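Have a look at the structure below before the remarks.
All of the numbers you see were taken from the coordinates with simple rules; none came from a lab. Here the structure is a predicted model, which means the values were calculated and not measured. Ideal geometry is used to build each Cβ from the backbone, glycine not excepted, and the neighbour counts take in all protein chains shown.
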Amino acid sequence: MEFDELWRNQGLECNGSIDSDSTLLESLRDVLNCGFAVPVVRDNTLSVKRLYAEATPTQIFTKSNMTSSPVITYSLPKDDDVDEVVVNFTSPKTYKTETVYCHLDSDGSKRITNYPESDNQERLDAWGVTGKDHAVALGMRRLRYLRNTRVTYEIKTELNGLNCEFNDLVGLVLDENLSNITGRIISIKGLTVTTDMELPANILDGVIYISRKDGSYGEYTFSRAGNHSLVLDSDPGIIWDDEFGVSLEYPLFAIGELQLCWVTAVKPEGNNRCSLSLINYSEEIFKDDIMEKKQ
């Protein structure tokens with residue numbers, strides 16, 4: 001029921017029959033696919049995860065909480081890349097399978113045909129989808145995903161990486177951007193925070209990300225108060241603990257460019273390490289989604 005109101009406002013429906021040849025997990029995947037969502041395991045329970053635009057990162061990773069430099073892989077366009085997604089859906093008039101072919105023009109605009117134009121296809125069986133617009137939205141999201149997610153990141157962290165789940169949105173603040181600043185907060189007094197790293201003279205104001213005890217991050221606007229001190233626009237809600245810097249990690253901070261990524265895999269490594277596989281976020285993926293109806 002978590003997304004029921006959203007799906008109804010978008011006019012999304014799932015209409016189909018399930019027979020005994022389908023497992024519960026297969027059926028769940030098919031049903032959730034109609035709502036641009038996937039099943040995930042959360043706290044040992046099946047739950048729902050969906051990708052959507054303007055999400056906020058659940059975790060941020062910097063050199064302060066990664067155990068080694070990330071491995072970054074760029075996938076360059078190739079001649080045999082998928083450039084046509086073929087979507088099969090059920091006609092609400094004939095109850096027979098109909099097909100739409102999804103393409104992207106040279107200017108990045110969607111183009112839909114009733115006939116194939118390429119041998120570099122990916123097929124998508126949209127079980128439960130009974131509307132052409134719905135089928136097109138699914139096909140275009142898949143095609144834009146394939147076209148716009150070409151950078152992968154392999155990072156290694158301590159156990160805080162286990163707070164991430166498949167399809168979580170996370171942020172990376174990378175050293176390759178020399179204007180990025182990361183470090184630790186060594187004091188919080190009201191709205192004033194003190195950093196262990198000296199702030200460059202050109203940093204007068206901006207956005208700072210500060211970690212909480214549970215590993216999540218808060219986003220705040222700041223103004224400079226000194227070489228090591230900033231004044232925040234709101235209370236970070238962190239009660240200072242005498243164990244910070246002793247048995248507890250100091251709160252971490254990051255100022256600079258945030259590279260947004262989706263988590264594609266979380267892999268524990270031994271008793272105190274884990275690795276994460278990430279793929280770059282792109283808002284282009286959602287360009288052809290069905291929007292919520294005006295109320």
Task: Pairs where the first residue, in the range 172-190, is without any contact (Cβ under 8 Å) to a residue 40 or more places away in the chain and the second is part of a strand (DSSP E or B), C-beta under 9 Å, 6+ apart - done: Glu176/Ile72
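Residue-by-condition table, conditions (1) surrounded by 13 or more Cβ atoms within 10 Å (Cβ to Cβ); (2) over 30 Å from the mean Cα position of the chain (by Cα):
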site: Asn88; (1), (2): yes, no
site: Lys93; (1), (2): no, yes
site: Glu98; (1), (2): yes, yes
site: Asp105; (1), (2): no, no
site: Gln121; (1), (2): yes, no
Task: Hits in the range 278-293 (condition: assigned to a strand (DSSP E or B) and either surrounded by fewer than 16 Cβ atoms within 10 Å (Cβ to Cβ) or out of contact with any Lys or Arg (no Cβ under 9 Å at 6 or more places or on another chain) (or both)) - done: Leu278
- [ ] Give Val100, Val82, Val87, Val31 a once-over and let me know the one that is over 30 Å from Glu219 (Cα atoms), part of a loop (DSSP other than H, G, I, E, B) and not polar (S, T, N, Q).
- [x] Val82
Open item on the list: Scan the range 216-237 and tell me whether some residue there is loosely packed, with under 12 Cβ neighbours inside 10 Å and on the phi > 0 side of the Ramachandran plot.
Closed with: yes
- [ ] Could you please give the count of residues in the range 23-60 that are in contact with a Pro (Cβ under 8 Å, 6 or more places away or on another chain) and farther than 16 Å from Phe3 by Cα?
- [x] 1
Task: Tally, over the range 1-15, of residues that are surrounded by 15 or more Cβ atoms within 10 Å (Cβ to Cβ) and part of a loop (DSSP other than H, G, I, E, B) - done: 5
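Residue-wise test of (1) loosely packed, with under 15 Cβ neighbours inside 10 Å; (2) under 26 Å from Leu51 (Cβ atoms).
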{"site": "Arg141", "(1), (2)": "no, yes"}
{"site": "Arg144", "(1), (2)": "no, yes"}
{"site": "Glu154", "(1), (2)": "no, yes"}
{"site": "Phe166", "(1), (2)": "no, yes"}
{"site": "Leu169", "(1), (2)": "no, yes"}
{"site": "Val173", "(1), (2)": "no, yes"}
{"site": "Ile188", "(1), (2)": "no, no"}
{"site": "Asp196", "(1), (2)": "yes, no"}
